[in-house]
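Each value in this text was obtained by applying a stated rule to the coordinates, not by laboratory testing. As the structure is a computational prediction, the values presented were derived from the model and not from experiment. A quick note on method: Cβ atoms are made from the backbone with ideal geometry, for glycine too, and the neighbour counts reach across all protein chains shown.
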Amino acid sequence: MADGFVHDYLSQYCEEHVPYLPEGWLEIPRYEFDWNVQPLTGEKMLDLLYDHTSVQDAGELLEVDVLGDDRKLCGEALVRTGYLTNQENLTGDDQTVLQSYKLFSKVLKEALVDVEEG
């Protein structure tokens with residue numbers, strides 16, 4: 001609670017508040033800290049990807065080198081949508097990242113199909 005207060009308090013006085021997170025961590029929505037957080041799906045997932053990440057086309061996330069050159073892009077998308085924590089993204093082993101990406105890509109495919117059909 002105090003962390004949220006300080007963040008909001010500082011934000012009132014700075015147009016762009018100074019980043020206070022460790023290098024490589026993402027500022028994530030407040031709901032991430034609720035007890036029963038569920039990863040995003042459907043349109044909410046797509047909206048968040050387009051509005052709060054550097055992803056231009058969500059479909060590009062289906063054909064990436066998640067452990068290689070595209071690790072940063074994938075990590076950002078996985079953390080923002082709730083499929084990985086910041087800590088897992090930065091220090092997790094490859095298996096953790098791959099399992100999260102498999103689930104994420106499956107849900108992303110479904111979301112893209114739903115949007116095309118809808």
Just checking, how many residues over region 54-107 are under 18 Å from Glu27 (Cα atoms), of a type outside the set (A, V, I, L, M, F, W, C) and within 13 Å of the chain's Cα centre (by Cα)?
14
For the subset of region 93-118 comprising residues that are in contact with a helix residue (DSSP H, G or I) (Cβ under 8 Å, 6 or more places away or on another chain) and either free of Cβ contacts under 8 Å to residues at least 40 places away in the same chain or not in a helix (DSSP H, G or I) (or both), which member is nearest to Gly68 (Cα to Cα)?
Val97
Is it the case, given these coordinates, that Leu40 is part of a loop (DSSP other than H, G, I, E, B), over 14 Å from the mean Cα position of the chain (by Cα) and surrounded by 11 or more Cβ atoms within 10 Å (Cβ to Cβ)?
no
Here the residues within region 65-89 that are out of contact with any Cys (no Cβ under 6 Å at 6 or more places or on another chain) and of a type in the set (A, V, I, L, M, F, W, C) are Leu67, Leu73, Cys74, Ala77, Leu78, Val79, Leu84
Give the residues of region 66-76 that are assigned to a helix (DSSP H, G or I) and touching a helix residue (DSSP H, G or I) at 6+ places or on another chain (Cβ under 6 Å), sorted by residue number.
Gly75
